[in-house]
Amino acid sequence: MMEEIEELQEILRNDPYDFQARRSLSIALLDGGFCEEAKKNLIFLVRTFPENAELRYNLGIAYEKLKSYDKAEKAYKQAIEISPELDFYYNLGLTHIEQKKYNEAIEVLKKVIEKEKDDSNTYFNLGLAYFKKEEYDSALEYFQKTIELNQDDLFAHFYIGNIFKIEGLTDFAIDEFNKVLIIAPDYSWAYFNLGAIAYKNGDTENALYYLKNTIEFNPHDIQAYGIMTKIYIKQERFMEALELINEAIDRNPQNGDLYYNYAQIFKHQNDLANYQSTLKTAINNHETLTLYPLETLKKELKKLNKHIKEITPKENE
C-alpha cells in the first residue's frame, strides 16, 4: 500500500495534472487510512470534474471516515443527483444513522433493498435504524432477515439478543448472546450481557465468570468492573474488590465511576477516611462519570462529612 502511494505521489510531483494518478492516489489514501490527504485530493478533483458522481461519492467516504457527517451527506446527495447508484444511497443511509436521522436512513435504505433484495448489510442497517428508534418489532424483523441471508452476522445476533433482553425474554437473549460467542469468542459485549443477566438473576458465580471474560477482552469496560465490585462487596470479599479496582484504575486512570466504586468498598469496611478521600476523587473526576450522577455523589459526600464531624471528638472539651 505505502509503495503504491509513494509511486503515485512521485508521478504527481512530475505532473500535478495527471488526474488519473491523483484519483488512484485518493483511493489508495482512503484505503490506507490517510483520509485527510485523500479528502484534499478529492476536493481538487471534484472542482475539476464537478459532474463526476464517483468522485463526489469518494469524497463522501472521506468525510464519513473523518466523522464530518453533514459534509458526507452533502457529497452523497450530490453524487445521487448526478447518478442514482445504489452504493450512493447505501452510504447516505449509513451517514443518516450516524446523524441520528433514523427516518431518513430508513427511507434511503429501503430504496436499496427494492433493488438488492438479498443484501444482508442493508437489512442489518435498517434493523439498526429501527432499534435506535426503539421500534423493536420492526428492528427484530430486519435483523432476522439479515440472519436468513447471513447466519454468521454476529452483530445481528447481538442486537436480537438485546431486543429479547429489553423485552424480558431472558432465555432467548442468552441463546442469541451465546450464538455471538460461537461466531466471535472474544466479543466482550456478549460476555457482558450474559454477565449482567446472570447478576440480575442472582447467579453470582456465572456473573463473575462472564464479567471476568468481559474484562479480559475489554479492559476498559467500566460497567463490568462496577458489577463485579458490587458482587465482591456483597460477599464481603473486600481484598478481591480492592485488587480489582486497583487493576481497573491502572488501566483507566482518572475514571470517576471507578473511584466511586472504590469509595463504596471503603464505605462497607467502615473506613471513613479512605471512603471520604476516594469519594472526593470521584467527584474531582466528574467529567468521566457515566454511571453515577454527580449530584448524587455530592449529596453522599455532604452526608459523609456531616457524619464524620459528628463522631469526631472536639478539641479542648
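Read the figures in this text as sums done on the coordinates, not as results from a lab. Just so it is clear, the structure is predicted and the values come from calculations on it, not from any experiment. When we count neighbours, we look across all protein chains shown, and the Cβ atoms used for this are built from the backbone with ideal geometry, even at glycine.
Could you calculate the FRET efficiency of GLU287 with LEU86 from 1/(1 + (r/R0)^6), where r is the beta carbon distance between them and R0 is 51 Å, rounded to 0.05?
0.75
Roughly how tilted is helix 102-115, in degrees to the nearest 10 and between 0 and 90, from the longest Cα axis of the chain?
Helix 102-115 sits roughly 50 degrees off the main axis of the chain.
Find which of HIS268, LEU181, TYR159 sits farthest along the positive direction of the dipole of the chain, computed with +1 on the beta-carbon of Lys and Arg, -1 on that of Asp and Glu, about the Cα centre.
Of the candidates, HIS268 comes out farthest on the positive side.
Go through PRO16, ALA72, LEU258 and say which Cα lies farthest out towards the positive end of the charge dipole of the chain; charges sit on Cβ, +1 for Lys and Arg, -1 for Asp and Glu.
The residue sitting most towards the positive pole is LEU258.
Give me Rg/Rg_expected for the stretch 188-258, where Rg uses Cα atoms only and Rg_expected = 2.2 N^0.38 Å with N residues.
1.01
Given springs between every Cα pair under 10 Å in a Gaussian network model of the chain, which of LYS133, LYS39, LYS115 has the largest fluctuation?
Its mean-square fluctuation being the largest, the pick is LYS115.
Please turn the phi angles of the stretch 170-185 into ³J(HN,Hα) values with the Karplus equation 6.51 cos²θ - 1.76 cosθ + 1.60 (θ = phi - 60°), one per residue in order, whole Hz, x for glycine and proline.
Karplus values, whole Hz, x for Gly and Pro: 4, 4, 5, 4, 4, 4, 5, 5, 5, 5, 4, 5, 5, 6, 9, x.
Direction-averaged shadow area of the convex hull around the Cα atoms of the stretch 52-145, nm²?
Averaged projected hull area, Cα only: 5.4 nm².
Among MET239, GLN223, HIS307, which residue has its Cα positioned farthest towards the positive end of the charge dipole of the stretch 219-317, with +1 placed on the Cβ of Lys and Arg, -1 on the Cβ of Asp and Glu, and the dipole taken about the Cα centre?
Of MET239, GLN223, HIS307, it is HIS307.
How big is the equivalent ellipsoid of the chain along its three axes, where each semi-axis is √(5λ) from the Cα gyration tensor, reported in whole Å from largest to smallest?
Numbers: eigenvalues 478, 147, 66 Å².
Three semi-axes, in Å: 49, 27, 18.
Does anything in the stretch 1-39 have its amide N under 13 Å from the 7 Å Cα→Cβ label point of LEU66, and if so which residues?
30, 34-39, by backbone N distance to the label point.
Charges at C-beta only: +1 for Lys and Arg, -1 for Asp and Glu. How large is the resulting dipole of the stretch 42-148 about its Cα centre, in Debye rounded to 20?
440 debye
Based on the Cβ-Cβ distance from LYS100 to GLU7, what FRET efficiency comes out when R0 is 25 Å, to the nearest 0.05?
0.05
Which of the GluC sites (Glu not before Pro) across the stretch 1-95 are loop residues per DSSP, with 15 or fewer other Cβ within 10 Å?
In loop regions of the stretch 1-95 (DSSP not H, G, I, E or B), the sparsely surrounded GluC sites (Glu not before Pro) are GLU51, GLU85.
If I fit a long axis through the Cα atoms of helix 69-82 and take the longest principal axis of the Cα atoms of the chain, what angle between them do I get, 0 to 90°, rounded to 10?
It works out to around 20 degrees.
Please determine, in degrees from 0 to 90 and to the nearest 10, the orientation of helix 188-200 with respect to the longest principal axis defined by the Cα atoms of the chain, where the helix direction is its Cα long axis.
40 degrees
Let's test this: bin the Cα-Cα distances of the stretch 219-317 at 10 Å from zero up to the farthest pair and state each bin's percent.
Computed distribution, short to long bins: 16, 47, 28, 7, 2, 0.
Under a plain spin-label model, where a point goes 7 Å from the Cα along Cα-to-Cβ, how far apart in nm are GLU135 and LYS280?
About 5.3 nm separates the two model spin labels.
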